[in-house]
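The structure appears below as structure tokens.
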Amino acid sequence: MSSLKKKLSRLGGAGPGSVGGFGSSGMRRDQKLDALRSAIRGIEDREEDPSEDLEAGASALGSLLSQRASRPVLPPSGKKLPGKNEESEHGTLRVVESWIGPIDTHGRIRASLALEAAPKVVASLSIDPRFSETDVRGALYIDTETTGLSTSAGTVAFLIGYAYFEDESLCVRQLLLPALGAERPMLHDLAKRIREATMVVSYNGKSFDWPLLRTRFLMNRVPTPPLPPHLDLLHCSRRVFKRRMDSVRLVDMERELLGFVREHDISGAEIPEEFLRFAKSGDPGRLDEVIEHNGHDLVALAAILGELARRFEEVRREDDPLDHLSFAKVAERAKDHERAMAFAEAAAQGGADADATFEAWMIAARTARREKVLEAEHRALCGALHIAGRTSISELYLATAHLELSKHYEHRRKSLGLALIHAEETVAVEEEEGCEKRCARLRRRLERLERLRRQTKL
């Protein structure tokens, strides 16, 4: 009995390294210990001889103690900590810095292409008019690596990467946290750069990176800098590519837009563990791979912005018609009517499926109506009617085309007879009652018009 109690005593006072994983039953190791302690107290209180039960309990405890090896201790990597120390007024920074030249490419696209993005194009892509007056050359590209996927106070940005252009070259600057609790110099450095920037560019930064950084500023009592207009390229990519791509992660956009495929890239799931290992042991391990991963992200941001803007600048016939359709929708939302019309017509004539072609013709018709271009509106509505009737994709689509043509003839061309012909085919949209009201109104107008003609002849 005394031997068993000694084991329990030692086990209860074990340090952090003794915490085990989850067993097959789903119980944590400390829960199992509590259960064993309770069982032993019950055995001791029993009147019969408890020796056999205690022997079984000792065996169970021995088995539990043998599970103490959680993860094998990795041998030292022998690597040096990446970067160099820089002294600042707020403390020491660990900095990794590199430069991407004006003709250097990420895949097949130059990072410096971002400098050619016109502010009005960026404003339309982002559906944010503030960017129409923003100097893209002063953009700050931001990406972080963190100890978790939450933006709560317990998550730390242990690597803050940012990039900016000087002349035509992109400076990639990455701040590595040398130890937990030493964030203030990094945050002050980042805050200075944000204050100097004309805009911030990120990928999912509105939902993750910036809320996390804002929390870190607050937790470290560093004044949070006012954020300039923030362009989140994830949102832009979703608007354009979600129709034909299953995923628009950054690595997917690198492959699709830039022709860049990462080889031997560290998994995002492994990144937090690498820093925590470094924080515990001081061994850099694979931090160099984490820094390379983050550097690729930053260069990709500039290249993606440049390529998206270039594709949105003018219609390229070699692009997928689904992309043309998405660009048309983005331009329509941004009230960029000329560009919406050009992309919608390209999508409609590009050989996409019937649904996409119909939608493209309808966007073209709406845009032409807003611009008061009657012939273009009529052509687009006839195109929509043709594709809806030829493929029988939907009675609703067909009725919608008839309804818009009826309105077009009635209100813009003043051709009541043609308006009535199309109005009679709108039941699927307006239902019987609405269709009948429209037709009755048109018949009354036609009758009045006919009476006026007779009176004029007399």
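Values for this structure:
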{"quantity": "Whichever residue in the stretch 113-130 is β-branched (Val, Ile, Thr) and either farther than 16 Å from residue 232 by Cβ or assigned to a helix (DSSP H, G or I) (or both) and, among such residues, is nearest to the chain's Cα centre (by Cα)", "calculated": "122"}
{"quantity": "Some residue of the stretch 124-143 being in contact with a helix residue (DSSP H, G or I) (Cβ under 9 Å, 6 or more places away or on another chain), in contact (Cβ under 8 Å) with a residue 40 or more places away in the chain and over 30 Å from residue 335 (Cβ atoms)", "calculated": "yes"}
{"quantity": "Some residue of the stretch 423-433 being in contact with a Lys or Arg (Cβ under 8 Å, 6 or more places away or on another chain) and crowded, with 22+ Cβ neighbours inside 10 Å", "calculated": "yes"}
{"quantity": "Filter result for the condition that a residue is in contact with a Cys (Cβ under 8 Å, 6 or more places away or on another chain) and buried (at least 17 other Cβ atoms within 10 Å of the Cβ), over 416, 420, 381", "calculated": "420"}
{"quantity": "Residue 414 vs. criteria assigned to a loop (DSSP other than H, G, I, E, B) and basic (Lys, Arg)", "calculated": "yes"}
{"quantity": "From 352, 376, residue being within 30 Å of residue 241 (Cα to Cα), part of a helix (DSSP H, G or I) and touching a residue at least 24 places away in the same chain (Cβ under 8 Å)", "calculated": "376"}
{"quantity": "Filter result for residue 391 (farther than 28 Å from residue 127 by Cα and surrounded by fewer than 22 Cβ atoms within 10 Å (Cβ to Cβ))", "calculated": "yes"}
{"quantity": "Given (1) within 30 Å of residue 282 (Cα to Cα); (2) among the polar types (S, T, N, Q); (3) at pLDDT 95 or above, index of the condition residue 204 fails", "calculated": "(1)"}
{"quantity": "Residue count, the stretch 238-291 (criterion: basic (Lys, Arg), assigned to a helix (DSSP H, G or I) and within 23 Å of residue 157 (Cα to Cα))", "calculated": "2"}
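The values are calculated or read from the model by the stated rules, or taken from the named source; none is laboratory data. Worth saying up front: this structure is predicted, and the values here are computed from it rather than measured. Glycine also receives a Cβ, built like all others from the backbone with ideal geometry; neighbour counts cover every protein chain displayed.
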